[in-house]
Amino acid sequence: MNINSGPKKIVLISRKIAFTFPLSFAYLAGYLMEKNEPVEILFRGNDSPLKLVDKIIASNPLIVGLGGLYPELKEIGQIIQLLKTKAPDIPVVIGGQMVSPTPEFALEITGADYGVIGEGEIILHELITALKNNSDVSTLQGIVFKKNGKIINTGPGKYIKDLDTLPPIPYKLFPENEWLHIGKWYAHNFPQPIFWKYRDRVVNIHGGRGCPFICNFCYHHSKPRYRSIKNMLDEARNAIDQFNANFIYFSDDLVLATPKRALELVDGIKAMNLKFDYSLSARFDVLDRIDNQLLLELKQTGCRIMGLGIESGSDKVLKEIGKNCTSDMILANIKRLTNAGIHPTVSIQVGQFNETSEDVEKSIELVKKTMRVNPNIQYAFTITTPFPGSKLYDHIISSGLLKSDQDFYKRYFSKENITQSGDWNQVTNLSKMSHEEIIYYLKKINTVYKDEQSSAFGIIFKFFESINGLFIKANKFLLIFIFNRVKKYKAGYTLWRIYEKIIERIFITLENINLYLRRT
């Protein structure tokens, strides 16, 4: 496929910006631009699929790149099919976690021309160069493509070994008003004022790729590598200056991979001599090896949020997952975080491999104990899903629970796999419980969590949350059905700006009330 015909650009299709910055597309764009390739970013979700396809065609693309996580696979496939119907000669390449574990299937199900296996920067550039030169793409490493009706897989590709050489993020391609004000986004959608403040101006800093640990539900397509702390914080300083940011979101899968890296981060932030808050991720077995003094220094340098995966309150299940910790260790370290003033955001799964109802009861008991230590913990509860690339996925295929990648795809995206509330349901049962028991316990653990909050904060807080929720809905209604329509006119725009200032004051007031009522 020869694409060397006139001045064209590479069009990358990112997910819609919501509560996180799309770093994967930013790094792809930055790398290509460093190689003097013209790049444009379009966003899924801002328009209908048909309008998006029309925008893609109007951009006169050299090649179109799409990708993301597995839950985005079907939507991306539908966009590609629409694009191929209207412009079949435009080359399409896909990548990301939805492709790398099962590249042949991803190519087949989406109808894309090429798939990237693993990290995309080097491979995508090599593919583009080969297509522009009308070279044989089968000589490239790290891609899948169709040839004579057969799918060819050229094996693992190249990746950037020294992450300090990553190009700067081309922020100009990403509308600042859509990603910088993350605190405002949370206030307008899911208020969490302990974690996210209305006036937070958030910049993402990515310090590493991969993870040195292997949890049974997780997938990483490359070995762990880390940027130097100095390189990370130099980028953070520049971003703070450029965007007047006051919050850094360190967005690695595992920021505190070792106590040594935690110490280096603390020392590096101290040396910056800047005031900002930040969020990072850790594991309980690593946190357990970080002493109280270092934990206090993390807080003193601005650590507001620490993301951790509890996943279960059963020691048996924790061992099965690969967490290298116990429920007692989890509880002890929740206490340490609370004493240090760092706010934990955590997750628990229901339906893990060989999990029993007794195991889930232990998770429920751990929720109660941790909430009584710190009722401001942010919990998320999910049903275990064995995504492609994980040890659990290998198990369901090898054991015959599901027969193929196609079987998983059909189950995952079937209407039966979505609950009435719009949440994902169970793809396949890995546990020792029935499907009905899993749903029952998922509801129960959510109820226990909410009841513990209500018990800690009282009935006034519960009433306030209801009022806050109604206000959020009313604000969305006014924005969608009135201000989004009238602000294109001069008088309407003026009215909208006045409304925005009033709403900001109201949301900040609600935030302060929320924080006051959460005092324990």
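The values are calculated or read from the model by the stated rules, or taken from the named source; none is laboratory data. The structure displayed is predicted, hence computed values, not measured ones. With ideal geometry, Cβ positions are generated from the backbone for all residues, glycine too; neighbour counts draw on all protein chains shown.
Residue check: is VAL350 assigned by TED's automatic domain parsing to the domain that holds VAL266 and buried (at least 22 other Cβ atoms within 10 Å of the Cβ)?
Considered against the rule, which asks whether it is assigned by TED's automatic domain parsing to the domain that holds VAL266 and buried (at least 22 other Cβ atoms within 10 Å of the Cβ), VAL350 comes out as yes.
Just so you know, in the range 461-492 the residues that are aromatic (Phe, Trp, Tyr) and surrounded by 13 or more Cβ atoms within 10 Å (Cβ to Cβ) include one that is farthest from HIS343 (Cα to Cα), and it is PHE483. For the range 426-441, a residue qualifies if it is surrounded by 15 or more Cβ atoms within 10 Å (Cβ to Cβ) and either among the aromatic types (Phe, Trp, Tyr) or under 14 Å from GLU416 (Cβ atoms) (or both), and the qualifying residues are GLN426, VAL427, THR428, ASN429, ILE439, TYR440, TYR441.
Taking the stated definitions as given, is PHE19 out of contact with any Leu (no Cβ under 7 Å at 6 or more places or on another chain) and of a type outside the set (Val, Ile, Thr)? Write out each step before concluding.
Working: out of contact with any Leu (no Cβ under 7 Å at 6 or more places or on another chain): yes; of a type outside the set (Val, Ile, Thr): yes.
Against the criterion (out of contact with any Leu (no Cβ under 7 Å at 6 or more places or on another chain) and of a type outside the set (Val, Ile, Thr)), PHE19 qualifies.
Report yes if THR139 is assigned by TED's automatic domain parsing to the domain that holds ALA87, surrounded by 21 or more Cβ atoms within 10 Å (Cβ to Cβ) and of a type in the set (Ser, Thr, Tyr), otherwise no. So THR139 fails the test. Consider PRO103 carefully, then state whether it is buried (at least 21 other Cβ atoms within 10 Å of the Cβ), more than 18 Å from LYS9 (Cβ to Cβ) and out of contact with any helix residue (DSSP H, G or I) (no Cβ under 7 Å at 6 or more places or on another chain). Considered against the rule, which asks whether it is buried (at least 21 other Cβ atoms within 10 Å of the Cβ), more than 18 Å from LYS9 (Cβ to Cβ) and out of contact with any helix residue (DSSP H, G or I) (no Cβ under 7 Å at 6 or more places or on another chain), PRO103 comes out as yes. Just checking, does the range 46-54 include any residue being among the charged types (D, E, K, R) and at pLDDT 95 or above? Scanning the range 46-54, I find at least one residue that is among the charged types (D, E, K, R) and at pLDDT 95 or above, so the answer is yes.
Do we have any residue at all in the range 153-165 that's surrounded by fewer than 17 Cβ atoms within 10 Å (Cβ to Cβ) and under 30 Å from ASP200 (Cα atoms)? Yes, some residue in the range 153-165 is surrounded by fewer than 17 Cβ atoms within 10 Å (Cβ to Cβ) and under 30 Å from ASP200 (Cα atoms). A count restricted to the range 5-27 and to residues that are in a strand (DSSP E or B), of a type outside the set (Gly, Ala, Ser) and under 18 Å from LEU73 (Cα atoms) stands at 2.
Of all residues in the range 338-356, those being at negative phi and small (Gly, Ala, Ser) number 2.
Taking the range 319-351 as the range and being in contact with a Phe, Trp or Tyr (Cβ under 6 Å, 6 or more places away or on another chain), in a helix (DSSP H, G or I) and more than 17 Å from TYR449 (Cβ to Cβ) as the test, the residues that pass are GLU320, MET329, ASN333. Meeting the requirement of 2 or more residues that are among the aromatic types (Phe, Trp, Tyr), the helices (runs of 4 or more DSSP H) wholly within the range 352-455 are 405-412.
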